[in-house]
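Working notes, structure below.
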Amino acid sequence: MRKISLLGASGSIGVQTIEVIRQHNDQFELLAFSVGGNVKVAKELINEFSPLVVSVQTKEDCEALKLEYSSSNIRFVYGEEGLIEVATVKEADVLVNAVMGSVGLVPTLHAIECKKVIALANKETLVTAGHIVMEAARKHQVPILPVDSEHSAIYQCLQGEKEKNINTIILTASGGSFRDRTRDELIGVTREDALNHPNWSMGAKITIDSATMMNKGLEVIEAHWLFGIPYEDIQVVLHRESVVHSMVEFHDTSVIAQLGTPDMRVPIQYALTYPDRLPHPRGKRLNFMEMGKMHFEKMDFNRFRCLQYAYDAGKAGGTMTTVLNAANEVAVDAFLNGKIDFLTIETFIENAMSKHTIQMAPDLETIKEVDLDTRHYVRSLID
């Protein structure tokens, strides 16, 4: 039985991870989790799973839970230290990092030092500090198993293959909620419009990132670090159906693709069971006769400017990807809270990148400082 720690249990990926654990409760045991400010979910999971460690966002919520569950042996913690405790709980084998944003970085590094298997859904960890994370994983001989559907697809396509034979990684993109709109038609779009994704059910932040195509840009950077592939050899294609989750082209011109219906429980389960697989009885089977045809289109980098910014940041290297991610997080939050319009997300990211002086091979403290400075700068633009 695999014993699991879960960061972000109340988010979209966290909820689906819980579903996988329930579906195979003879294979998985949930030992620790974090829920941010969602105390209601925390109580439900405590009553169902009787974990060892529970982390919440604030000290007040932590103290209230301690009082309510005073007769239990659960350890209640909070804040960043709480996330680290969940990530490093001694009895756990696997850390599922499903939190949103760069807050997932430090707990992941601590888990790697404790030699936990990392099931990574938090792409910002690699975007912000990929060189540090991958070096730590190599040093401690810890596998990092991708949970994103695209990176899981690539990981599966590469099983039994040699890295030297890879020619191109091809990431597929649904196009998000505005894929059929021109730039002029994006003026004045609402929060509700942006959150209406045609294929996937995801959290608010990642759905907005999908609409701007920043999500795919972050995935390009993540793929660079996970698979050691130059940015010039990573392509993105628009694929409306989200059936081909990604592909790998080899230098003999062969292309291997991983296909399936849009269902995040599949890559989550694959990461938890690798190198084995378990049945997914509730999953919808792919029926090629019903589907009939699939469509692939070239990406328009002028239309989806955030994707271009991500390539630019990745190629520039150093602290530029930290700036990209921090500026995007603040700008998206501002849009979701009605403070800026949709296209201003791009403007603020471009401004933050333009004013930044890159520091190459930054250490963790430098990354934290640049992240914080970028957030302050973008907030000043909003104010």
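Assorted remarks:
- Any hit, segment 153-169, residues being within 27 Å of ASN302 (Cα to Cα), in contact with a Lys or Arg (Cβ under 9 Å, 6 or more places away or on another chain), in the same structural domain as GLU219 (by TED's automatic domain parsing) and at pLDDT 95 or above: no
- Qualifying residue in segment 354-361 (condition: within 24 Å of the chain's Cα centre (by Cα), part of a helix (DSSP H, G or I) and at pLDDT 95 or above): no
- Qualifying residues in segment 253-301 (those that are among the hydroxyl-bearing types (Ser, Thr, Tyr) and farther than 14 Å from ALA153 by Cα) - the one surrounded by the fewest Cβ atoms within 10 Å (Cβ to Cβ): THR253
- Filtered residue count, segment 11-35, keeping only those that are without any contact (Cβ under 8 Å) to a residue 60 or more places away in the chain and either farther than 24 Å from PRO279 by Cβ or part of a loop (DSSP other than H, G, I, E, B) (or both): 4
- Restricting segment 255-284 to residues that are outside any helix (DSSP H, G or I) and touching a strand residue (DSSP E or B) at 6+ places or on another chain (Cβ under 9 Å), the residue that is farthest from PRO146 (Cα to Cα): VAL255
- Flag if GLN16 is out of contact with any strand residue (DSSP E or B) (no Cβ under 9 Å at 6 or more places or on another chain) and modelled with pLDDT of 95 or more: yes
- Verdict on ASN47 being in a loop (DSSP other than H, G, I, E, B), under 24 Å from ARG282 (Cβ atoms) and either not hydrophobic (A, V, I, L, M, F, W, C) or not assigned by TED's automatic domain parsing to the domain that holds ASP93 (or both): no
- Residues of segment 99-129 that are closer than 20 Å to TYR270 by Cα and assigned to a loop (DSSP other than H, G, I, E, B): VAL99, LYS115, LYS116, ALA121, ASN122, LYS123.
- Every condition in (1) in contact with a Leu (Cβ under 6 Å, 6 or more places away or on another chain); (2) not assigned by TED's automatic domain parsing to the domain that holds LEU95 is met by THR128 except one, and the failing one is (2).
- Qualifying residue in segment 90-98 (condition: farther than 27 Å from ILE166 by Cβ, under 22 Å from the mean Cα position of the chain (by Cα) and either assigned to a helix (DSSP H, G or I) or charged (D, E, K, R) (or both)): yes
- Residue in segment 77-85 that is over 27 Å from VAL330 (Cβ atoms) and of a type in the set (Ser, Thr, Tyr) present: no
- Condition met for PHE304 (surrounded by fewer than 14 Cβ atoms within 10 Å (Cβ to Cβ), in the same structural domain as ALA211 (by TED's automatic domain parsing) and of a type in the set (Phe, Trp, Tyr)): no
- Matching option when the condition is surrounded by 15 or more Cβ atoms within 10 Å (Cβ to Cβ), in contact with a Cys (Cβ under 7 Å, 6 or more places away or on another chain) and of a type outside the set (Lys, Arg), among VAL248, VAL244: VAL248
- Candidate set: segment 130-175, residues that are among the hydrophobic types (A, V, I, L, M, F, W, C) and in a loop (DSSP other than H, G, I, E, B); chosen: the one nearest to the chain's Cα centre (by Cα): VAL147
- Leading residue by the ranking (surrounded by the most Cβ atoms within 10 Å (Cβ to Cβ)) among those in segment 335-374 that are out of contact with any helix residue (DSSP H, G or I) (no Cβ under 9 Å at 6 or more places or on another chain) and acidic (Asp, Glu): GLU369
The values are calculated or read from the model by the stated rules, or taken from the named source; none is laboratory data. Only a predicted model underlies this, so the values are computations on that prediction, with no experimental measurement involved. Every residue, glycine among them, receives a Cβ derived from its backbone with ideal geometry; neighbour counts consider all protein chains shown.
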